[in-house]
Structure formats: structure tokens, C-alpha cells
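Here is the structure we will look at, set down as C-alpha cells.
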Amino acid sequence: GFYKTNVVAISVLLMLQNFFFAFFQTVNNVIPTEMIGDTVDYMEWKTGKRNEGVSFSVLTFVGKLTGSLSTSIGTALLPLIGLTFTKDTVGNSVAVKGEHTDLWIWALFILIPKLLGLITLIPYAFYNLNGEKLKQIREDLKNRREEKAKVQAIGGNENE
């Protein structure tokens, strides 16, 4: 098939795929972290309480949960797409593929995750902690902290 006779083309395509994956994965890893910082500021601005520990813990938990689920679901689906394993005469595990197994593996581990990844763009359309609003929130928080520091410096009660 194509995979065995076009090793150079496949290698180049895999390098390009890895480049684009790494680029977008980096953006995906950085932006949510920055957004969580902004939402922590927003919650402090709204409620007067800062709780970044919970926010970043939830981010870590969700990352681990989605990684575990995607691996588990992908592995569970392998027999359904025609990939099974058997033992050869020496006892080594050997993969047995059906007619369209390669296509299904590509769809399961490349195409479907990328398409589902597009869904993650939806929250960005509603994210409004930017520009002047975010600048105002940070300015208000700075003023509150300075005021609180002044009250504490003269021995006042911080809850006043």
C-alpha cells in the first residue's frame, strides 16, 4: 500500500503533522492558563476573594481526566475497528488488521480529535475579559490592594 511504498512522503507528512500539532498544542496550553489568571482576577474583583489554587487545580484535573478518557476510549474502540491481537508460534503478540483498520485508526486518533478540538473554540467567542474591561478590573484590584495595605499599616481592621 501507500504507506510501504512512499516512506519519504509519509515521513515528511508526519513531520508536518507533528509541527502543526506542536504549534497548536502550545497555543492551547498557554491561552487557557492566561485566561484562568484573568478569571481569577475577575472573581476577586466581583467577590473580594482570591482563589487561584482551586482554578489551577481544576485545570490540571480536567487535563488528566481528558487524557485518561481519550486513551481509554481509543483503546476500547480498537477491536471494533478491526484491530485485534493474537500470539504467534513463539508467543509474541501480533496485530491483526482488518481491511479498513488503518483508515479507522487515522480517523480515531487524528481526524476525530481535531474535529472535536474545533468545539473548544466556542467558549472563546463568549470570553470578554480583555481590553478595557480587563484593564479596569486590574486597576480596581490594584487600588483595593493599596487601600487595604494602608489600612493594615495604620493598624486598622482589614474587613472594614
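If you go through region 125-134 and keep only what is surrounded by 10 or more Cβ atoms within 10 Å (Cβ to Cβ) and either outside any loop (DSSP other than H, G, I, E, B) or out of contact with any helix residue (DSSP H, G or I) (no Cβ under 9 Å at 6 or more places or on another chain) (or both), you end up with Lys133, Leu134. Going through (1) farther than 30 Å from Lys148 by Cα; (2) surrounded by 10 or more Cβ atoms within 10 Å (Cβ to Cβ) one by one, Glu52 falls short only on (1). Looking at region 1-108, the helices (runs of 4 or more DSSP H) lying wholly inside it that each contain 2 or more residues that are at pLDDT below 85 and among the small types (Gly, Ala, Ser) sit at 7-47, 52-77.
The values are calculated or read from the model by the stated rules, or taken from the named source; none is laboratory data. Given the structure is predicted, the values throughout are model-derived calculations rather than measurements. FYI the Cβ positions are ideal-geometry reconstructions off the backbone, even for glycines, and counts take in every protein chain you see.
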